[in-house]
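The values are calculated or read from the model by the stated rules, or taken from the named source; none is laboratory data. Quick caveat, the model's predicted, so the values are computed rather than measured. So basically every Cβ, Gly included, is an ideal-geometry build from the backbone, and we count neighbours across all protein chains shown. Ligands, DNA and RNA are stripped out before the accessible areas are found, and what is left, the full protein with its side chains, is counted by its heavy atoms. Shrake-Rupley method; radii C 1.70, N 1.55, O 1.52, S 1.80 Å.
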Amino acid sequence: TAAAAAFVGCAVHNGVRASRSVGRAGAATFLEAADAGAAERSCITLEGVRLDNGGGTYGSASDVAAAEDCVALCRGQSNCSQAIFSKFAKACYMFQKPKAAKYTKGKSDPAGFTSAFCSDDEMEVAGLEYRMQDAGRADELDSVRQRWKDATANATKLVDAMSEEEKLSLVQGAPGGLGYAGFLKPLGLPPTIIPLKMQDGPQGFNPYQATLAGTATQFPALVAVAASFSQDVSRQYATAVAEEFVTKGANVLLGPDVEVTRAVLSGRCFETISGEDPFLGSEMVRPYIKAVQDMGIIATVKHWLDNNQEIYRQTMTAVVGERAQHEIYMPVFKAAFEAGAGAVMCAYNKINGHHACENNHLLTKLLREDLGFQGYTVSDWGATHNAEKSAKAGLDVEMPEGKHYGNLSKLIAKGKIEAGTLDRMATHVLAAMHFAGQFEGRFPLDKAAALGHLPATTDEHREVAHNTIIESAVLLKNEGKTLPIDAAGKKIALVGHYCNHSNDKNFGQGAVYSGGGSGYVITTRTIKPLDGIREHFSSDPSVEVVYSRNGSAAKGANYAVICAAAHAEEGWDRPNLTLPEAGDLIKEARKAGGKNIKVIVLASAPGAITTEWLKGADAAILLFEPGEQVGPAVAKLLTGDASPGGRLPVSMPNEKEERFTKWQYPGLCKNNSWCEDMYANFSEDTLVGYRWNDAKKVPSAFPFGFGLTYTEFEFKKLHTSCDGDVATVAVKVANVGDRDGTAVPQLYVGFESLKPVVRQLRGFRKVKVEKGGEKTVVFMLREADWSYFDEGEDKWVSALAKGEDIKVWVGASSVDLPLSATLACGATAAEA
């Protein structure tokens, strides 16, 4: 028939082979059948994806107008497991057996296709979707490796034609000023290549000048991104930050910070995208790196390595074992490199007696040989101490100027450094520029001038900041469903200085809702909680909003909202983990408000805090350095216009927890006292964060991964299977509460050789589930998920290959794990 002939022609073009075809009438018949069976079969739709052809019996329908019609056709056919819709041919191709792989043989534009998997088994569909995501990540990694290979080849050609002077210009900072943190001004390159303009920080463009306050968005801290447990949040956040860097002409972003939090008192805990877990950090850093570098900006991952405290950070020594390095402190860097990060910054501190920026074991063995890093290494500002040692160890660029690398030419002339070493250093820099597309104009060429003064913040960026607060807010307590508040006709008292103030003269750096240091973004745009809440209720005259610095405003109020904040900043660690004023303000508000008042605490923190004050509150929301949009965000959270979407990226310790000896943190000198050259012994090894709590059987006040919601969830029907080197874990998430909500099921893995660690995070998904609804969540595990680092063998070893049982747990936090099973490769596991 004409329809069949048309289909065959399309089949050749699109790589589809079909055994039968159906015209318009057939399509209508299929749609009628689909309507009847739609409720019994589940489908997932992949827009912009051209799947490879499935197997078994084929079918097609022509004159199909839209992708949703194609999916409906497949859903309605009991033997259809995969469908491919082509908007070019207006045809729907259906297959009996699914194939979770993209079509790679032709050059079809994937934007013209929509694909789908359908099945009677919802878990099968979810598993196919996850396999596609897993395959996509593998494809991206292959692409990254090829791009580095090409970039390095191009860079090598350039370096081969350069003079020594031109090469030297690539490896040492140059004077510049102009409002940027640092410059590289390469010589010998085409005039279309913009010099490298480096800027802090990963949490927004730091203008460093009070006159430029408010020209860049003060985003929430990176630890808030970690608390979101959402790769989408990380991607959107990084995209907004990068867009402001482009506007202001900075093509090197000095971040993100990825240090895994070891000591929660560390002054820069708020800056890390990892929290206390390397798997969490790895999942969050990948989309961040990709979003930044897609705009032609080189991302500089920091700080390599073991920069886990600020106390005497420039002179102290971290004593760290190889297993802890590989299992705890290196994985997030590895994930960043796999995403394509072009630069890594070495730290101030010493590791095992040697400065990080002249440490051959760190810069060559671990970084390049073990992790395969291809970009350039750059010193933290002033972290270079000896040109010969640093160049030989693997430091490519000294910043902010060539205090030591200015002598490289003399050292080469004397034969102390080989000329090939300089070639290698210069090649790494140019390769990173090529990889980021800076030779192809991916970073706009009209941004070559000094543009740091230009306003870059936008309504869209402030909305990203606002959404990040919502998605990272952690509901710690909600007794009697105090939240969300029923505000109509009520009096709301805001209590505490920080409800109406965003700055504190007692801070050396930073502000109330933003930590201090190089990552701080100065702003004049902060909307304080009082202002945000008043604006939220401005159209409802029945709601009275009052304020007092002490608890007096709570008199006659229905709700008292306490604003309390802890602070941290670069340069020194926090003295304690308390939330200043919280306990006193709660007592004052209760005394003034009487027995019927509901007390709610809005706590802003740079990381972990103790929660002894919580017993006096009815509800509490924890925000991680929320930044300038704190006011509108908390208004939505309090009223239920938005629900707290965060989970704890760090454990909240009990007030009397004693995790470290003084030799472990912050460290001591030989006379058992503090000094600039103190040693911090990381002898806890891999027992970092919740791993320590589990192994020592010392409960935290609130565990890693914890976070309440405004509804209730149940996890059920755990199903596990193992096929070769791939294990699948599936679980049903049921919303059994009375509101729509977001769940974050978490997967933990444990095995004998992981000890002393009991279990560790190896998967999480953030899913929205309607009230009364269910979602199937599928995780995939591979060899890396059941392997440990063997220090004696200096390699990763599979516990499965040793015959060890692999146990998995699924639940809502590192301790709330109601479901568990032991994997049984080749068969369905025993279910709990």
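Distances between placed amide hydrogens fall under 5 Å for R762 paired with L747, Y748, V749, all partners being 5 or more residues away or on another chain. Over every Cα atom in the range 239-304, the radius of gyration and the widest Cα-Cα span, Dmax, amount to 12.5, 36 Å.
Phi angles of the range 681-696 translate, via the Karplus equation with coefficients 6.51, -1.76, 1.60 and θ = phi - 60°, into HN-Hα couplings of 8, 7, 6, 5, 6, 8, 7, 10, x, 4, 4, 5, 4, 5, 5, 8 Hz per residue; Gly and Pro are given as x.
Once the C-beta distance of T192 and K591 is scaled by a Förster radius of 51 Å, the resulting FRET efficiency is 0.15 to the nearest 0.05. Within the range 623-660, the trypsin sites (Lys or Arg not before Pro) that combine a DSSP coil assignment with at most 16 other C-beta atoms in a 10 angstrom radius are K656. Given +1 at the Cβ of Lys and Arg, -1 at the Cβ of Asp and Glu and no other charges, the dipole of the chain around its Cα centre is 360 debye to the nearest 20. Surface exposure of the range 114-169, expressed per residue as accessible area with a 1.4 Å probe, stands at 52 Å².
Taking 0.36 nm per residue of separation and subtracting the current Cα-Cα distance, fully stretching the chain between A449 and T104 would add 120.0 nm. At full extension, T57 and E712 could sit 231.5 nm farther apart than now, given 0.36 nm per residue minus the alpha carbon distance. Under 14 Å from a label point set 7 Å out along the Cα-to-Cβ vector of K185, the amide N atoms of the range 442-459 belong to 449-450. Computed from the C-beta positions of N550 and A488, the FRET efficiency with R₀ = 30 Å rounds to 0.65.
In the set (i) 86, 80, 57; (ii) 120, 65, 47; (iii) 133, 81, 55, which value of Cα extents along the principal axes in Å was calculated from the structure you see? Computed from the coordinates, Cα extents along the principal axes in Å corresponds to (i). Farthest toward the positive end of the dipole of the chain, out of V778, G705, L280, is the Cα of G705, where the dipole comes from beta carbon charges about the Cα centre. Listed by number, the DSSP H helices of the chain that run 15 Å or longer by alpha-carbon position along their axis and have mean Kyte hydropathy of at least 0.5 are 2-14, 419-435. Of the options H466, Y513, G437, report the single residue whose Cα projects farthest towards the positive end of the charge dipole of the range 433-543 (beta-carbon charges: Lys, Arg +1; Asp, Glu -1). Of the candidates, Y513 comes out farthest on the positive side. Computed about its Cα centre, the charge dipole of the range 343-452 is approximately 280 debye, with only Lys, Arg, Asp and Glu carrying charge at their Cβ. Computed about the Cα centre, the dipole magnitude for the range 429-471 is approximately 220 debye when only Lys and Arg (+1) and Asp and Glu (-1) carry charge, each at its Cβ. In this simple spin-label approximation, K97 and N654 carry label points 7 Å from Cα along the Cα→Cβ vector, and these lie 5.7 nm apart. Net charge of the neighbourhood of D257, taken over other residues with C-beta under 10 Å away and scored Lys/Arg +1, Asp/Glu -1, is 0.
Distance between the 7 Å Cα→Cβ label points at D134 and D584: 5.5 nm. Segment Q314..H361, full-extension length gain: 15.0 nm, with 0.36 nm per residue of separation and the alpha-carbon distance subtracted. Given R0 = 51 Å, the distance between the Cβ atoms of A174 and F88 translates into a calculated FRET efficiency of 0.45.
Rg and Dmax over the alpha-carbon atoms of the range 511-618 stand at 15.7, 48 Å. Averaged over residues, the count of other Cβ atoms within 10 Å places the peptides 269-281, 371-383, 349-361, 570-582 in the sequence 269-281, 371-383, 349-361, 570-582, highest first. Mean residue ellipticity at 222 nm, helices only, the chain: -8000 deg cm²/dmol; runs of at least 4 DSSP H residues each add -39,500 (n - 2.57), and the sum is divided by the number of residues.
Between N671 and R323, the distance separating the two model label sites (each 7 Å from Cα on the Cα→Cβ line) works out to 3.6 nm. Taking 0.692 mPa s as the viscosity and 37 °C as the temperature, the Stokes-Einstein diffusion coefficient of the range 165-282 based on its alpha-carbon Kirkwood radius rounds to 207 µm²/s. Loop-located GluC sites (Glu not before Pro) in the range 739-777 (DSSP state not H, G, I, E or B) with no more than 16 neighbouring Cβ atoms inside 10 Å: E770.
Can you work out the base-10 log of I(q)/I(0) for the range 428-563 at q = 0.09, 0.15, 0.19 1/Å, using the Debye formula on its C-alpha atoms alone? Result of the Debye calculation: -0.46, -0.95, -1.32.
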